[in-house]
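Just below is one structure, and these are the notes that go with it.
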Amino acid sequence: MLRYALQSLKARKAGFIGAFLALMCAAALVTACGGLLETGLRGEIGTERYSGTPVIVAADQNVHHVTKKKGKTKDKAKPLDERVWLPSATKERIETAPGVRTVVPELDFPAYVVGPNGRIFSGPDGKESSGHAWASAQLTPFRIDKGTPPRTDHEIVIDRGLASRAGLAPGDKVTVQATGSPSTYTVTGIATTPDGDLKEQAAVFFSSDEARRLVGHLGQEAVIGVLPKEGVSTGELAEAVRTALGDSPHEQVSTGGDRGRVEFLGAAKARVKLISMGGAIGAIGLLVAVLVVSGTFALSIQQRRQEIALLRAVAATPKQVRRLIGREAVCVGFAAGLLGAAAGLPLAVWLHGKFVDFGTIPETLKLVRSPFPVLAAMAATLFAAWAAARISARR
């Protein structure tokens, strides 16, 4: 039956071109959308400001809605755009944990440099610019490239990328728009990181007292970074910090890739968007392919009525005829699935880049590459081709 199906395909190549193209496009789309969906499910958000700190403690960034029904408890969590702050007393509890060398509280608030003509300078490509206390510079770590750290409330240090965009150097006076009215500061230093200029943000560093005044959250910290003693691993340090905090659900300890969602609050919602968009676009593409293949095979069957009648005359059963058409579809689907899945890999990269350009997802949410989208696309294409052909062959 399979050999006869292959011979039928060779004899009627033109009749199956439409089904082949539809299935190939569907396989490419399912592969690309599967890559986006997998990125939303288990993609790692890169860190920048906290790259030099192995353990980060932050407040729970979700609002929870707990319901009880029929003895079962459900907790629905939704991420918040605005940062939830930690009480400053958390720092003292962390300091008691074994293996802790330094505990660094972090303040985080909007701070933009304003040029003489009123132009606002922010991060690369218009991304956000944040203010911090210079005492938290070691979280990255930042080092003074030119000049000196801020010593008074009227002095600031800016990162090298921001200094280049704004054309600033140590000794220049500049207006900074932070949480209050614009104020004039003297740039005393230009800071840089071991990895070069920041790509996702700009950083403006104030003195500790000035940063605390501008942030307005008295007795609270945005996050708390924890640096280990020599010889203490990240896992050991994180476990010690969790023990010191008493496994509080409102104080979350993050390591590795989890630090990125603490630094970039919008990344959590971006992952949800990728899951919904990837699933919806892939499913629509597959559904359209099924409709096209159904129509193509229905037309093919109508044109082959004499051939099918001859098969029935030589004792072929209806089940065998349907099986023949189904195997023809599987052969077309297999070839289309291979080519489509191969084309879907660069398509996933292109779609991810477009979503980044549109600001739908942050650039720090890197595309996950694995064989699962390719295998899923192949399986979905084969099933779609077989199902469409069998539906068309019922008549």
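Each residue of the stretch 156-173 was assigned a 3J(HN,Hα) from its phi angle through the Karplus curve 6.51 cos²θ - 1.76 cosθ + 1.60 (θ = phi - 60°); the sequence is 9, 10, 10, 6, 5, x, 5, 4, 5, 5, 8, x, 10, 9, x, x, 6, 9 Hz, with glycine and proline shown as x. Please find, in a Gaussian network model of the chain (springs between Cα atoms separated by less than 10 Å), the residue of Arg93, Arg119, Arg369 whose mean-square fluctuation is greatest. Maximum fluctuation in the GNM of the chain, among the listed residues, is at Arg119.
Taking Cα pairs under 8 Å and at least six residues apart, what relative contact order does the chain come out at, in percent? Before the final figure, lay out the partial values.
On the way: 753 pairs, mean separation 130.1, N = 395.
Rounded, it is 33 percent for the chain.
Computed 3J(HN,Hα) for the stretch 176-186, one whole-Hz value per residue from the Karplus formula 6.51 cos²θ - 1.76 cosθ + 1.60 where θ = phi - 60°, is 10, 9, 10, 7, x, 6, x, 10, 9, 10, 9, glycine and proline marked x. Per residue, the chain exposes 51 Å² of accessible surface when a 1.4 Å probe is rolled over the protein heavy atoms with every protein chain present.
Of the residues Gly118, Gly333, Val30, the one whose Cα sits farthest toward the positive end of the charge dipole of the chain, with +1 on the Cβ of Lys and Arg and -1 on the Cβ of Asp and Glu, is Gly333.
Provide Arg327, Arg259, Arg312 ordered by accessible surface of protein heavy atoms (probe 1.4 Å), highest first.
Details: Arg327 95, Arg259 35, Arg312 115 Å².
If we order Arg327, Arg259, Arg312 from most to least accessible, we get Arg312, Arg327, Arg259.
Leaving out ligands, DNA and RNA, and with a 1.4 Å probe, what % of the accessible surface on the stretch 246-395 is carbon or sulfur? That share works out to 66 percent.
As a test of the formula, what do you get for the chain when each DSSP H run with n ≥ 4 contributes -39,500 (n - 2.57) and the sum is divided by the residue count, at 222 nm and rounded to the nearest 500 deg cm²/dmol? Mind showing how you got there, number by number?
Values: 11 runs with 188 residues, N = 395.
Rounded to the nearest 500, the figure is -16000 deg cm²/dmol.
Taking every protein chain into account, the 1.4 Å probe leaves Thr31 with about 0 Å² of accessible area, to the nearest ten. Annotation: amide H of Ala202 within the under-5 Å range of Gly123, Ser129, Ser130, sequence separation 5 or more or interchain, hydrogens built in the peptide plane.
The charge dipole of the stretch 231-340, taken about its Cα centre with unit charges on the Cβ atoms of Lys, Arg (+1), Asp and Glu (-1) only, comes to about 1000 debye.
I'd like the carbon and sulfur percentage of the solvent accessible area for the stretch 66-125, probe radius 1.4 Å, heavy atoms only, ligands and nucleic acids excluded. Mind dumping the intermediate values first?
Working: 2070 of 4010 Å².
Summing carbon and sulfur atoms, their accessible area is 52 percent of the total for the stretch 66-125.
Figure note: Leu80, Leu338, Leu311, Leu139 ranked by solvent-accessible area, largest first, 1.4 Å probe, ligands and nucleic acids not counted: Leu338, Leu80, Leu311, Leu139. Taking amide hydrogens as placed 1.01 Å from N in the peptide plane, the amide H of Ala191 sits under 5 Å from those of Asp145, Ile158, Asp159, Arg160, each at least 5 positions away in sequence or on another chain. Residue pairs exceeding 25 angstrom between C-alpha atoms, taken from Lys69/Lys269; Lys72/Lys269; Lys91/Lys229; Lys76/Lys273: Lys69/Lys269; Lys72/Lys269. Using the alpha-carbon positions of the chain, Rg (one decimal) and Dmax (whole number) come out as 29.6, 99 Å.
For Lys68, what charge total do you get from the other residues with a beta carbon under 11 Å from its beta carbon, if Lys and Arg give +1 and Asp and Glu give -1?
Values: positive: Lys69, Lys70, Lys72, Lys74; negative: Asp75.
That sum, taken over residues with Cβ under 11 Å, equals +3.
Close amide H partners of Asp108, meaning residues 5 or more places away or on another chain with modelled amide H under 5 Å apart, are Ala222.
The values are calculated or read from the model by the stated rules, or taken from the named source; none is laboratory data. Values in this document were obtained by computation on a predicted structure and should not be read as measured data. Heads up, the Cβs are rebuilt from the backbone with ideal geometry, glycines too, and the neighbour counts pull from every protein chain shown. Please note that ligands, DNA and RNA were not included when accessible areas were found on the heavy atoms of the full protein model with its side chains. Shrake-Rupley method; radii C 1.70, N 1.55, O 1.52, S 1.80 Å.
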